[in-house]
Amino acid sequence: MREAFIASIPVMMGYIVLGMAFGMLLESEGYSFLYALAMSVFIYAGSMQFVAINLLTSGATVINTIIMTLLINARHLVYGLSMIKKFEDMGKLKPYMIFSLTDETYSLLVSAKTPEGCSQKYYLFFISLFDQCYWILGSLAGSIIGSLLTINTTGLDFAMTALFIVIVLDQYLTTDKHLYTYIGFGISIACLVIFGSEAFIIPSMIGIILSLIYVYQNGGKEKCMKSY
(Lines give C-alpha, C1' and ligand atoms only; values in the text may rest on other atoms or scores of the structure.)
Protein backbone atom coordinates (compact mmCIF):
# COMPACT_ATOMS: atom_id res chain seq x y z
CA MET A 1 0.00 0.00 0.00
CA ARG A 2 2.80 2.41 0.86
CA GLU A 3 4.64 1.85 -2.42
CA ALA A 4 1.39 2.07 -4.41
CA PHE A 5 0.49 5.33 -2.70
CA ILE A 6 3.87 6.85 -3.56
CA ALA A 7 3.49 5.76 -7.20
CA SER A 8 -0.01 7.26 -7.40
CA ILE A 9 0.85 10.73 -6.06
CA PRO A 10 1.12 12.33 -9.55
CA VAL A 11 -2.41 11.15 -10.36
CA MET A 12 -3.64 12.38 -6.98
CA MET A 13 -2.47 15.92 -7.79
CA GLY A 14 -4.56 15.95 -10.96
CA TYR A 15 -7.59 13.92 -9.89
CA ILE A 16 -8.41 15.94 -6.80
CA VAL A 17 -8.37 19.20 -8.77
CA LEU A 18 -10.33 17.83 -11.74
CA GLY A 19 -12.70 15.98 -9.43
CA MET A 20 -13.44 19.21 -7.59
CA ALA A 21 -14.23 20.92 -10.90
CA PHE A 22 -16.65 18.10 -11.75
CA GLY A 23 -18.30 18.26 -8.32
CA MET A 24 -18.77 22.03 -8.51
CA LEU A 25 -20.28 21.84 -11.99
CA LEU A 26 -22.64 19.04 -11.01
CA GLU A 27 -23.79 20.92 -7.90
CA SER A 28 -24.28 24.13 -9.90
CA GLU A 29 -26.81 22.24 -12.02
CA GLY A 30 -28.83 21.31 -8.92
CA TYR A 31 -27.45 17.80 -8.22
CA SER A 32 -26.39 17.13 -4.62
CA PHE A 33 -23.14 15.58 -3.43
CA LEU A 34 -24.87 12.17 -3.45
CA TYR A 35 -24.96 12.30 -7.25
CA ALA A 36 -21.26 13.23 -7.35
CA LEU A 37 -20.49 10.32 -5.03
CA ALA A 38 -22.60 7.80 -6.97
CA MET A 39 -21.21 8.84 -10.35
CA SER A 40 -17.60 8.72 -9.18
CA VAL A 41 -18.07 5.33 -7.51
CA PHE A 42 -20.10 3.56 -10.20
CA ILE A 43 -19.25 5.39 -13.44
CA TYR A 44 -15.71 6.63 -12.74
CA ALA A 45 -14.92 8.00 -16.19
CA GLY A 46 -13.50 11.51 -15.89
CA SER A 47 -14.20 12.98 -19.33
CA MET A 48 -17.49 11.10 -19.63
CA GLN A 49 -18.66 12.40 -16.25
CA PHE A 50 -18.14 15.97 -17.45
CA VAL A 51 -20.09 15.16 -20.62
CA ALA A 52 -22.77 13.44 -18.50
CA ILE A 53 -23.58 16.76 -16.83
CA ASN A 54 -24.62 18.18 -20.20
CA LEU A 55 -26.49 14.99 -21.07
CA LEU A 56 -28.43 15.16 -17.80
CA THR A 57 -29.34 18.81 -18.17
CA SER A 58 -30.21 18.62 -21.87
CA GLY A 59 -32.51 15.63 -21.55
CA ALA A 60 -30.48 13.39 -23.87
CA THR A 61 -32.03 10.06 -24.82
CA VAL A 62 -30.66 6.74 -23.57
CA ILE A 63 -29.54 5.82 -27.11
CA ASN A 64 -27.61 9.07 -27.55
CA THR A 65 -26.02 8.59 -24.14
CA ILE A 66 -24.94 5.04 -24.98
CA ILE A 67 -23.45 6.07 -28.34
CA MET A 68 -21.68 9.08 -26.85
CA THR A 69 -20.22 6.99 -24.03
CA LEU A 70 -19.03 4.27 -26.39
CA LEU A 71 -17.32 6.71 -28.75
CA ILE A 72 -15.70 8.84 -26.05
CA ASN A 73 -14.34 5.76 -24.28
CA ALA A 74 -13.43 3.84 -27.45
CA ARG A 75 -9.74 4.40 -26.64
CA HIS A 76 -10.14 1.88 -23.80
CA LEU A 77 -10.53 -0.83 -26.44
CA VAL A 78 -6.98 -0.11 -27.56
CA TYR A 79 -5.02 0.15 -24.34
CA GLY A 80 -7.23 -2.36 -22.53
CA LEU A 81 -5.91 -5.07 -24.84
CA SER A 82 -2.35 -4.32 -23.81
CA MET A 83 -3.20 -5.10 -20.18
CA ILE A 84 -4.57 -8.61 -20.77
CA LYS A 85 -1.33 -10.33 -19.81
CA LYS A 86 -0.71 -8.05 -16.85
CA PHE A 87 -4.18 -8.75 -15.45
CA GLU A 88 -4.26 -12.50 -16.07
CA ASP A 89 -3.13 -13.34 -12.52
CA MET A 90 -5.38 -10.82 -10.75
CA GLY A 91 -7.99 -13.44 -9.83
CA LYS A 92 -11.09 -11.97 -8.15
CA LEU A 93 -9.60 -8.49 -8.45
CA LYS A 94 -9.61 -8.60 -12.26
CA PRO A 95 -13.15 -7.16 -12.75
CA TYR A 96 -12.25 -4.13 -10.63
CA MET A 97 -8.95 -3.67 -12.48
CA ILE A 98 -10.84 -3.57 -15.77
CA PHE A 99 -13.45 -1.16 -14.39
CA SER A 100 -10.88 1.21 -12.87
CA LEU A 101 -8.58 1.43 -15.92
CA THR A 102 -8.64 5.15 -16.65
CA ASP A 103 -6.12 6.97 -18.86
CA GLU A 104 -3.96 8.09 -15.95
CA THR A 105 -4.14 4.75 -14.13
CA TYR A 106 -3.16 2.99 -17.35
CA SER A 107 -0.09 5.21 -17.67
CA LEU A 108 0.99 4.10 -14.19
CA LEU A 109 0.19 0.41 -14.58
CA VAL A 110 1.73 -0.05 -18.01
CA SER A 111 5.10 1.19 -16.79
CA ALA A 112 4.83 -0.09 -13.21
CA LYS A 113 7.75 -2.08 -11.88
CA THR A 114 6.73 -3.88 -8.74
CA PRO A 115 9.08 -2.93 -5.87
CA GLU A 116 11.16 -5.73 -4.41
CA GLY A 117 9.28 -7.66 -1.76
CA CYS A 118 5.85 -6.49 -2.97
CA SER A 119 3.11 -8.58 -4.55
CA GLN A 120 2.53 -7.36 -8.11
CA LYS A 121 -1.15 -8.30 -7.84
CA TYR A 122 -1.82 -6.08 -4.84
CA TYR A 123 0.62 -3.36 -5.90
CA LEU A 124 -1.34 -2.81 -9.12
CA PHE A 125 -4.65 -3.13 -7.30
CA PHE A 126 -3.83 -0.47 -4.72
CA ILE A 127 -2.60 1.94 -7.40
CA SER A 128 -5.97 1.60 -9.13
CA LEU A 129 -7.89 1.86 -5.86
CA PHE A 130 -6.00 4.94 -4.66
CA ASP A 131 -6.58 6.67 -8.00
CA GLN A 132 -10.33 6.16 -7.77
CA CYS A 133 -10.34 7.33 -4.15
CA TYR A 134 -8.64 10.56 -5.23
CA TRP A 135 -11.34 11.14 -7.85
CA ILE A 136 -14.12 10.41 -5.37
CA LEU A 137 -12.54 12.71 -2.78
CA GLY A 138 -12.17 15.53 -5.29
CA SER A 139 -15.75 15.11 -6.55
CA LEU A 140 -17.19 15.19 -3.04
CA ALA A 141 -15.06 18.14 -1.99
CA GLY A 142 -16.06 20.13 -5.07
CA SER A 143 -19.75 19.36 -4.62
CA ILE A 144 -19.76 20.27 -0.93
CA ILE A 145 -17.74 23.45 -1.48
CA GLY A 146 -20.07 24.42 -4.32
CA SER A 147 -23.10 23.96 -2.08
CA LEU A 148 -21.64 26.07 0.73
CA LEU A 149 -20.12 28.90 -1.28
CA THR A 150 -21.32 31.02 -4.17
CA ILE A 151 -18.79 30.22 -6.86
CA ASN A 152 -18.76 31.34 -10.47
CA THR A 153 -18.31 28.04 -12.33
CA THR A 154 -17.80 29.68 -15.73
CA GLY A 155 -14.91 27.92 -17.41
CA LEU A 156 -14.77 24.92 -15.09
CA ASP A 157 -16.38 22.75 -17.75
CA PHE A 158 -13.26 23.40 -19.84
CA ALA A 159 -10.97 21.72 -17.28
CA MET A 160 -11.03 18.26 -18.84
CA THR A 161 -10.79 19.70 -22.35
CA ALA A 162 -7.76 21.71 -21.25
CA LEU A 163 -6.14 18.55 -19.88
CA PHE A 164 -6.53 16.73 -23.20
CA ILE A 165 -5.22 19.76 -25.11
CA VAL A 166 -2.08 19.73 -22.97
CA ILE A 167 -1.65 15.99 -23.59
CA VAL A 168 -2.03 16.47 -27.37
CA LEU A 169 0.43 19.38 -27.42
CA ASP A 170 2.94 17.39 -25.40
CA GLN A 171 2.69 14.45 -27.79
CA TYR A 172 2.93 16.79 -30.79
CA LEU A 173 6.10 18.41 -29.49
CA THR A 174 7.80 15.16 -28.48
CA THR A 175 7.29 13.21 -31.72
CA ASP A 176 7.85 13.84 -35.42
CA LYS A 177 4.77 11.81 -36.44
CA HIS A 178 1.78 14.16 -36.64
CA LEU A 179 -0.55 12.34 -39.03
CA TYR A 180 -2.97 11.23 -36.31
CA THR A 181 -3.12 14.67 -34.76
CA TYR A 182 -3.98 16.17 -38.14
CA ILE A 183 -6.65 13.51 -38.70
CA GLY A 184 -8.26 14.29 -35.34
CA PHE A 185 -8.31 18.05 -35.74
CA GLY A 186 -9.16 17.97 -39.46
CA ILE A 187 -12.19 15.71 -39.12
CA SER A 188 -13.42 17.52 -36.00
CA ILE A 189 -13.27 20.91 -37.70
CA ALA A 190 -15.00 19.56 -40.82
CA CYS A 191 -17.81 18.02 -38.75
CA LEU A 192 -18.15 21.24 -36.74
CA VAL A 193 -18.72 23.16 -39.96
CA ILE A 194 -21.10 20.56 -41.42
CA PHE A 195 -23.14 19.54 -38.37
CA GLY A 196 -22.78 22.56 -36.08
CA SER A 197 -21.56 22.83 -32.49
CA GLU A 198 -24.52 20.93 -31.03
CA ALA A 199 -24.17 17.75 -33.09
CA PHE A 200 -20.59 17.44 -34.34
CA ILE A 201 -19.07 15.20 -31.62
CA ILE A 202 -20.57 11.83 -32.61
CA PRO A 203 -19.91 12.24 -36.38
CA SER A 204 -16.35 13.42 -35.72
CA MET A 205 -15.62 10.48 -33.40
CA ILE A 206 -16.99 8.04 -35.98
CA GLY A 207 -14.95 9.73 -38.71
CA ILE A 208 -11.75 9.63 -36.66
CA ILE A 209 -12.17 5.94 -35.82
CA LEU A 210 -12.87 5.00 -39.46
CA SER A 211 -9.91 7.09 -40.65
CA LEU A 212 -7.53 5.45 -38.18
CA ILE A 213 -8.76 2.00 -39.23
CA TYR A 214 -8.15 2.95 -42.88
CA VAL A 215 -4.64 4.19 -42.15
CA TYR A 216 -3.93 1.11 -40.06
CA GLN A 217 -5.02 -1.25 -42.85
CA ASN A 218 -3.17 0.62 -45.60
CA GLY A 219 0.44 0.64 -44.57
CA GLY A 220 0.15 2.46 -41.27
CA LYS A 221 -0.09 -0.58 -38.99
CA GLU A 222 3.45 -0.32 -37.64
CA LYS A 223 3.26 3.43 -37.18
CA CYS A 224 -0.08 3.16 -35.39
CA MET A 225 1.28 0.63 -32.94
CA LYS A 226 4.35 2.78 -32.27
CA SER A 227 2.17 5.82 -31.64
CA TYR A 228 0.27 3.93 -28.94
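The values are calculated or read from the model by the stated rules, or taken from the named source; none is laboratory data. On a predicted model such as this, the values are computed, not experimentally measured, just so you know. As a convention, Cβ positions derive from the backbone with ideal geometry for all residues, glycine included, and neighbour counts pool all protein chains shown. Calculation scope for accessible area: heavy atoms of the full protein, side chains included, ligands and nucleic acids excluded. Shrake-Rupley method; radii C 1.70, N 1.55, O 1.52, S 1.80 Å.
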Could you do me a favour and compute the accessible area per residue for segment 105-221, 1.4 Å probe, result in Å²? 63
How far is the Cα center of segment 14-93 from the Cα center of segment 122-187, in Å? 11
Extension length gain for Ile9 and His178 (0.36 nm per residue less Cα distance), in nm, is 57.8 nm
Distance in nm between label sites at Asn218 and Ile63, each 7 Å beyond Cα in the beta-carbon direction? 3.1
Arrange the residues Glu3, Glu29 by how much accessible surface each exposes, largest first, with a 1.4 angstrom probe. Glu29, Glu3
So for segment 20-76, using the alpha carbon gyration tensor with a ≥ b ≥ c as root eigenvalues (a/c under 1.5 gives rounded; past that, a/b versus b/c decides prolate or oblate), I'd call it oblate
Mean-square fluctuation maximum in Gaussian network of the chain, Cα pairs under 10 Å, restricted to Gly138, Gly146, Gly184, hits Gly184
Using a 1.4 Å probe on the protein heavy atoms only, what accessible surface does Leu137 show? Give it in Å² to the nearest 10. 100
Computed helical MRE - 222 nm, the chain, DSSP H runs ≥ 4 contributing -39500 (n - 2.57), nearest 500: -23500 deg cm²/dmol
Fluctuation leader among Phe50, Phe22, Phe126 - the chain, Gaussian network, Cα springs under 10 angstrom: Phe126
Looking at the square roots a ≥ b ≥ c of the eigenvalues of the Cα gyration tensor of segment 125-193, which shape do they give, rounded for a/c under 1.5, prolate if a/b is larger than b/c, or oblate? oblate
Span-like helix ranges in the chain, DSSP H, alpha carbon extent 24 angstrom or more, Kyte mean at least 0.5: 2-28, 120-148
Return the single residue from Tyr31, Tyr172, Tyr44 with maximal mean-square fluctuation; model: Gaussian network over the chain, springs between Cα atoms under 10 Å. Tyr172
Name the shape class, rounded, prolate or oblate, that the alpha-carbon gyration tensor gives for the chain, where a ≥ b ≥ c are the square roots of its eigenvalues, rounded holds for a/c under 1.5, and otherwise prolate holds if a/b is larger than b/c and oblate otherwise. oblate
Cα-derived Rg over Rh, computed across segment 28-134 with Rh taken as Kirkwood radius: 1.03
Just to verify a number: FRET efficiency for Val17 and Ala199, C-beta to C-beta distance, R0 = 30 Å, to 0.05? 0.45
Carbon + sulfur, % of accessible area of the chain - ligands and nucleic acids excluded, 1.4 Å: 69
For segment 86-102, what does the Karplus curve 6.51 cos²θ - 1.76 cosθ + 1.60, with θ = phi - 60°, yield as ³J(HN,Hα) per residue in whole Hz, taken in order and with x for Gly and Pro? 5, 9, 5, 9, 7, x, 5, 7, 4, x, 5, 4, 5, 4, 8, 7, 8
Leaving ligands, DNA and RNA out of it, work out the accessible area of Ser119 with a 1.4 Å probe and give it in Å² to the nearest 10. 60
